[in-house]
Amino acid sequence: MTEKNYFIVKYKECGAECPIHLSGKLNHPRLEWDTFETNPNNVVIEKEYEFTVTDRQIKSLDFDLYGLQTKFVSRKFLETCEDLNVKFRAVPLK
């Protein structure tokens, strides 16, 4: 096996735009894929996903990576992954 460099990324909260806990609701109670889907590119995504922040103190968001099982990432994060040839499947989230 070829050795690669791996890292653990720990989220660092830094105010309302990068909260330690993001309170909100996803517009669909269930995602169309399993958390540990082995072939994500084979999953047909038919729904549009929207996350509504319910914490009234949060007026805007400014983070690159957030979440435990389901990850919310910024366009900047995806561009970095693309630059490094990281394979991923991005599902748009409004």
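The values are calculated or read from the model by the stated rules, or taken from the named source; none is laboratory data. Values in this document were obtained by computation on a predicted structure and should not be read as measured data. No Cβ is skipped: glycine too gets one built from the backbone with ideal geometry, and neighbour counts run over all protein chains shown. When the accessible area is computed, the model is the full protein with side chains, heavy atoms only, and any ligands, DNA or RNA have been set aside. Shrake-Rupley method; radii C 1.70, N 1.55, O 1.52, S 1.80 Å.
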Pick the calculated mean projected area of the Cα convex hull in nm² for this structure from [x] 10.4; [y] 6.0; [z] 7.5? [z]
HN-Hα J in Hz across region 48-56 - Karplus 6.51, -1.76, 1.60, θ = phi - 60°, x for Gly and Pro: 9, 10, 9, 10, 10, 6, 9, 7, 5
Going from most exposed to least, what order do 75, 56 have by accessible area with a 1.4 Å probe? 56, 75
For region 31-94, which chymotrypsin sites (Phe, Trp or Tyr not before Pro) pass both filters: DSSP loop (anything but H, G, I, E, B) and at most 12 other C-beta atoms within 10 Å? 36, 88
For region 1-87 the GluC sites (Glu not before Pro) that pass both the DSSP coil test and the at-most-16 other-Cβ-within-10 Å test are 3, 13, 17, 32, 37, 46, 48, 50
